[in-house]
Every structure is written in C-alpha cells, then in structure tokens.
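The values are calculated or read from the model by the stated rules, or taken from the named source; none is laboratory data. Just so it is clear, the structure is predicted and the values come from calculations on it, not from any experiment. With ideal geometry, Cβ positions are generated from the backbone for all residues, glycine too; neighbour counts draw on all protein chains shown.
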Amino acid sequence: MKKNSTYEKYNRRAKRTRKSIGRGISDYPRLSVFRSNAGIYAQVIDDKTGKTIVAASSLEVKEKKGKKVDIARIVGKTVAERAVAAGITKVVFDRAGYRYHGRVKALADGAREGKLGF
C-alpha cells in the first residue's frame, strides 16, 4: 500500500479528530458518523463500555428520493430522537476523517434539530 493512499490519509485525519474530542464517556457519549458514496450512518457510542447505544442510517429512510444532504438531515433527526428517548441529551460529535461540510454538516444540523446538544 502506498504511504499516502486515500485510506491512510483518512485514518490519520480520523485519529487526529478523535484525539481532540477525547473518548465518549457515559455522561457525553460519542456521535460517530460514517459516510459512504451510497449512504450515511450515525451511531451514539459509549466508549467506556464499548457499546453502541443507538444508531440510524440512510437505509432506514423511507423517502429515498431527494438529495443526499436532505437524507443525511433526516438521519440526524432520527438518531437524535432515539438518543433522547434513551435518556441522552449531550454528545461529542465525531466527524472522523471527514470535513464538516455537506452531508456531515447536514447530519449534525439534523441532530441539533432533534434536541441533541453538542
């Protein structure tokens, strides 16, 4: 594998991001985002126990028509509603190696609309 392959660059950025936000603990679990070409996935993780508390993805969205940004906003609202139902109101946002732009930003805005604080 090349030294500066796309995958390695992504991993370096993800490590740097996770180092700055710290580990998600019970009081402030981590809202982790994974973005692929086809969809977007979000999960709230308690790193202390290593368990996923709630999750949502674009596979669950019923309105598949529309822009990917609109679908990402719906996924953000869905994960926020599930987290609030589970008793979580504050999280730390883990954007991984992605820029805070486009679908990642839309997911974050949707989560904030769903009353999830970060």
Problem - Residue check for residue 79: within 12 Å of the chain's Cα centre (by Cα), of a type in the set (A, V, I, L, M, F, W, C), at pLDDT 95 or above and part of a strand (DSSP E or B) - result: no
Practice task
Please find, within the range 19-44, the residue that is surrounded by the most Cβ atoms within 10 Å (Cβ to Cβ) out of those that are out of contact with any Asp or Glu (no Cβ under 7 Å at 6 or more places or on another chain), within 16 Å of residue 84 (Cβ to Cβ) and of a type outside the set (Asp, Glu).
Solution key: 42
Practice task
Please state which one of 15, 19 is outside any strand (DSSP E or B) and at pLDDT 85 or above.
Solution key: 15
Exercise for the section: Report whether or not residue 113 is among the charged types (D, E, K, R) and modelled with pLDDT under 95. Expected result: no
Problem - Selected residue (criterion: farthest from residue 116 (Cα to Cα)) from residues of the range 58-90 that are in contact with a Phe, Trp or Tyr (Cβ under 9 Å, 6 or more places away or on another chain) and surrounded by fewer than 17 Cβ atoms within 10 Å (Cβ to Cβ) - result: 59
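Given the structure, is residue 53 surrounded by 15 or more Cβ atoms within 10 Å (Cβ to Cβ), under 14 Å from the mean Cα position of the chain (by Cα) and either modelled with pLDDT under 95 or not charged (D, E, K, R) (or both)?
So residue 53 passes the test.
Filter the range 46-73 down to residues that are assigned to a helix (DSSP H, G or I) and out of contact with any strand residue (DSSP E or B) (no Cβ under 9 Å at 6 or more places or on another chain), then give me how many there are. Write out each step before concluding.
To start, the set of residues in the range 46-73 that are assigned to a helix (DSSP H, G or I) comprises 58-60, 68-73.
Among the residues that remain, those that are also out of contact with any strand residue (DSSP E or B) (no Cβ under 9 Å at 6 or more places or on another chain) are: 60, 69-70, 73.
Adding up the residues that qualify gives 4.
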Exercise for the section: Take residue 10 and decide whether it is aromatic (Phe, Trp, Tyr), at negative phi, outside any loop (DSSP other than H, G, I, E, B) and under 14 Å from the mean Cα position of the chain (by Cα). Expected result: no
